[in-house]
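Computed from the coordinates by the stated procedures, all read-outs in this text should not be read as laboratory data. Computed from a predicted model, the values in this text were never measured in an experiment. For neighbour counting, all protein chains shown are included, and Cβ atoms are generated from backbone atoms with ideal geometry for every residue, glycine included.
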Amino acid sequence: MKENPKIVIIGSGPCGIGAGWHLFKNGYNNWVIYEKNAYPGGLSASFKDAKGFTWDIGGHVLFSHYKEFSGFLEEVLEKKYLVHNRNSWVRAIESWIPYPFQNNIHYLPQKEFEECFKGLEERSCGICKVSNFQEWIETNFGKGISKYFMISMNQKMWSYPLDKMSTQWIDERISPVSLEAIRQNMKGNKIDSSWGPNSTFIYPFFGGIGEVFRRAVVKFRDKVRLENQVYKIDLDSKKIFFKNGMEDKFDILVNTSNLIDFINILYPQNPSIVKASKRLKYNRLFIVGIGLRRERKDPRTWIYFPEEKYIFYRVTNLSNYSPYNVPNGHMQSYSSLLTEITLSENAPANRKFFIEETVKGLIDTGMLSKADESLIESIFSLEVENAYPIPTVDRDEVLYKINEFLESQNIYSRGRFGSFKYERGNMDDCFMQGFEIAHRMVI
C-alpha cells in the first residue's frame, strides 16, 4: 500500500458517513465521498413534503451496540433527540397482540392460543437439523405460531420463498420463545415486550432520521460531492467515471452501493464474478405516508400486519417519534402514519393501487375512520429500489468469492447493500462497517 493513499467512498449513507467520520476525526485528508443523490443519508434520508410533514424511508429508529456510534450520535445531534420505549404490536385474527408475537400468545383468542401453545409443546426444537429458514421457523415455533404469524409475516416482509433462505442471519433478529416465560406471562396477563436491541431507541427532534447524516456532512462538507453518480470504474487505471463527465482516481475504494449494480460497472469485467453476483437476491419497498389534519391519540410506535388482506406489512406512528414530523410541530392538529409494502425484485409498483389499498387497510383495522378520508392532508409515496438484501442459502458462498476478487483490487464493499448482509444492515452496524474499514486502511 502506498503512503497517504487516496480513499474514495461511494455513497453517503450510514456506512459511507461512518468511514468519512473516522477519517475526519483522525485528521486524514486524502479522501472523498461521492453521492449520486442531492442529499446525504442513502436509505436513511428523510424528506419534508409541501404540506410540512417529514417522512423517513421506512420505520427507522436509532439504537447502538457500539460506543463509537453512540459517541457519533451524541456529537452530531447535540442532545436534540427524543428517547422512546418501543410499544410495538401485531394485528392478527382480528386481535391486537403485543410484539414479539411469540412471547405474548396469551393475548390471542382462546382457540388460537391453545393451538399456538400446543404447537410449542410439540415442536422439535433441538432435535431436527434444519436446512432453511422455513424449516427453522416450524422447528422452533411449532405449527400454531408458524401459521398465524411467523410464516405469513416473513413471506410478506421478504417477498421471497422462505425455504430458499438461510438461517445464519437470525441471531438478534427474531426473539426466542420459552414455554415457562409464557406461563409466567399468563398469570398476570403480563406484556412481554423487552426483547431486542431496539426496545429503547432515540429519534432526532427535528428533520427525521435523515437529520443525523445532514448534520454529519456539515462537519466535512468539503469532502462530500453530491449529485455524482458513478457509471464506470476502470480497474486497470484505478479511475472512476461519473455520469456528469467528472473523473477521479483511487488507491482504495469503499463501495456502499448495491453490490450487484457495483459489479456491473467494473471494467474489464470478470465473467465469473458477474455471474456469481446474479445469484444474490434482494427485495424492494413502496412507502405510503398518510398525513392527517387531526390528532391521533395512539401510543403505539409501530404495528406488524402478517395477514394478506392488508397490503402493508408494517405501519409506523411516525408523528409519535417527534412532534416536528408534522407541520410546525402542531401535534394537536396533525398526525402521520408511515406504511411499508414490500415487493419482489421485479414486481411492478402501482402507486394508485397501493395508496387506495393502504387507506382501505388503515380503515379496516380501525387505525383510521371512514371520516378520516376527508381529513387526509398529505399523501407521500416513494418506491425504494433497494430494501432488504435477502440471506439466501448460497449467499455466503457467493459473497466470499466476490469479496476475494474485490479486495485483490483494493476495493472494499460494506454497508447494508455493499456487504449484502441483512443481519448487519441496521444503522449502527452499517456505520461501524465504514468506521472499521477506514481504521484498517489508515491506522
Whole-angstrom Cα spans of the range 94-187 along principal axes, big to small | 38, 30, 23
Quick one: order His65, His84, His22, His439 by neighbouring beta-carbon count within 10 Å, fewest to most.
-> His65, His439, His84, His22
Take every DSSP beta bridge whose two residues both sit in the chain, then give the antiparallel share in percent to the nearest 5.
-> 75 percent
Rank these for me by crowding, Ser408, Ser70, going from fewest to most other beta carbons within 10 Å.
-> Ser408, Ser70
For the range 46-124, run through the GluC sites (Glu not before Pro) and keep only the ones in DSSP coil with at most 13 other Cβ atoms within 10 Å of their Cβ.
-> Glu78, Glu94
All Cα pairs of the range 288-443, percent lying beyond 23 Å = 52 percent
With DSSP loop assignment and no more than 14 other C-beta atoms within 10 Å, the GluC sites (Glu not before Pro) in the range 276-313 are Glu295, Glu308
Starting from the range 361-443, pick out the GluC sites (Glu not before Pro) whose DSSP state is loop and whose Cβ has at most 15 other Cβ atoms within 10 Å.
-> Glu385
Spatial separation of Cα centroids for the range 41-66 and the range 80-121, in angstrom = 27 Å
What is the projected area of the convex hull of the Cα atoms of the range 160-202, averaged over all directions, in nm²?
-> 5.0 nm²
Equivalent ellipsoid dimensions for the range 162-248 as semi-axes, Å, which come from the Cα gyration tensor, largest first = 47, 23, 9
Across 10 Å bins from the origin, how do the percents of Cα pairs in the chain run, short distances first?
-> 4, 20, 29, 26, 15, 5, 1
With 10 Å bins from 0: P(r) over the range 1-122, alpha-carbon pairs, percent = 10, 25, 24, 18, 15, 7, 2
Sum -39500 (n - 2.57) across every DSSP H segment of at least 4 residues in the chain, then divide by the residue count to get the 222 nm mean residue ellipticity, nearest 500.
-> -9000 deg cm²/dmol
Determine the principal axes of the Cα atoms in the range 269-327, then give the extent along each, sorted from largest to smallest and rounded to whole angstroms.
-> 56, 29, 17
